[in-house]
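The values are calculated or read from the model by the stated rules, or taken from the named source; none is laboratory data. Computed from a predicted model, the values in this text were never measured in an experiment. Quick reminder, even Gly has a Cβ in these numbers, built from the backbone with ideal geometry, and neighbours come from all protein chains shown.
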Amino acid sequence: MATLGSELERILKLRRWTEAQGSAVLAEMRRSGLPLGKFAKRHHLNRQRLHRWAHASNSKDLPILFEEVPVDAARVSSDAGLELRLDAGRVLKIGVGFDEPSLRRLLAVLEGC
């Protein structure tokens, strides 16, 4: 486990969190800059637990991490769709017309893996 304050380490071990404790964990996650799934894995937490806390706190300011990708306009056609190269050599091909809400849900699932 990464070095955290002893109070936060104690909170992470608790079976149930108070609202203040859950907020402290979410604040540490934001400070870390890690996506929710990676933060949960690093600290041996159930990622669904963090998802529930984030949702319950209506936290709109959780980190959204992305990498800017340069695009060669000459090589892009309007019917090409997208291809994302993910960790571990995985490739996600997204066809034209794949709606944004579905893509967001899919990326949220993949981020937690």
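Annotation: of all residues in the range 39-67 being surrounded by 17 or more Cβ atoms within 10 Å (Cβ to Cβ) and part of a helix (DSSP H, G or I), the one that is modelled with the lowest pLDDT is ALA54.
In the condition set (1) within 15 Å of GLY37 (Cα to Cα); (2) modelled with pLDDT under 75; (3) surrounded by 10 or more Cβ atoms within 10 Å (Cβ to Cβ); (4) out of contact with any Lys or Arg (no Cβ under 6 Å at 6 or more places or on another chain), ASP87 is compliant with all but (3).
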